[in-house]
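Everything on this sheet refers to the single structure shown next.
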Amino acid sequence: LVQEFDVIERSDARAVLKLFGKDSGATLSCVIDIGYDGLMKFDLDLHGNNNSHLEKLSIDIPLSKEVATLLLGAPDDQERGANKPWPSWSGTNSGLIPDNKISGPFIPNLWIGNDDMGLVWYCESDENWAVQSPSKAIEIIPENDTVLWRFNVVDVPISLKETWKFTFGLQATPV
């Protein structure tokens, strides 16, 4: 689908890239702003005609099992105390990634890594998410040699009559 790729800005402090693609029913543009520290922000705009729909959109990030051993989730709430693990995520308590598939609701940031390195995913809100089962918005799926990190952003059809916008980011750790 990507038909054009442009470098919008390039300096010692940042790089800004733009991807563009079009098919018979929709136009996609993605601006990627990369900071000097490796922080990447992705701004997606998807627009169609009056009859266009987005049926499904998942973002899959495969990580090697050697890297993806630990998980740290933003707390669902700020309460602490007995039976209130903090920080935590409804998908699982923070700590070791289990051998089985886990899923949970949207949270604004989630880190997966090991004692030496990792990756943070962040998204300000779930404003333009359209998921049938919010408890499966984010999945962590152990496979043979990888752990697949899946963000189910859209799994119920949404109209593209209006421009659909979505922003998220990634940050490798340590910086």
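The values are calculated or read from the model by the stated rules, or taken from the named source; none is laboratory data. All figures in this text were calculated on a predicted structure; none of them were measured in a lab. We place every Cβ from the backbone using ideal geometry, glycine too, and count neighbours over all the protein chains shown. Side chains are part of the model used for accessible areas, which takes the heavy atoms of the whole protein and leaves out ligands, DNA and RNA. Shrake-Rupley method; radii C 1.70, N 1.55, O 1.52, S 1.80 Å.
Scanning region 22-53 for residues that are open to solvent by 30 Å² or more (accessible area, probe 1.4 Å) and more than 23 Å from the chain's Cα centre (by Cα) turns up 23, 24, 49, 50, 51.
Taking region 122-166 as the range and being closer than 24 Å to residue 49 by Cα and of a type in the set (Phe, Trp, Tyr) as the test, the residues that pass are 129, 164, 166.
Every residue, every condition in (1) open to solvent by 50 Å² or more (accessible area, probe 1.4 Å); (2) not small (Gly, Ala, Ser), yes or no:
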| position | (1), (2) |
| --- | --- |
| 128 | yes, yes |
| 145 | yes, yes |
| 149 | no, yes |
| 154 | no, yes |
| 163 | yes, yes |
| 169 | no, no |
| 173 | no, yes |
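Within the option set 72, 63, being in a strand (DSSP E or B), modelled with pLDDT under 90 and farther than 18 Å from residue 126 by Cβ holds for one residue only, 72. The number of residues in region 146-161 being assigned to a loop (DSSP other than H, G, I, E, B) and either touching a His at 6+ places or on another chain (Cβ under 8 Å) or under 15 Å from residue 113 (Cα atoms) (or both) comes to 2.
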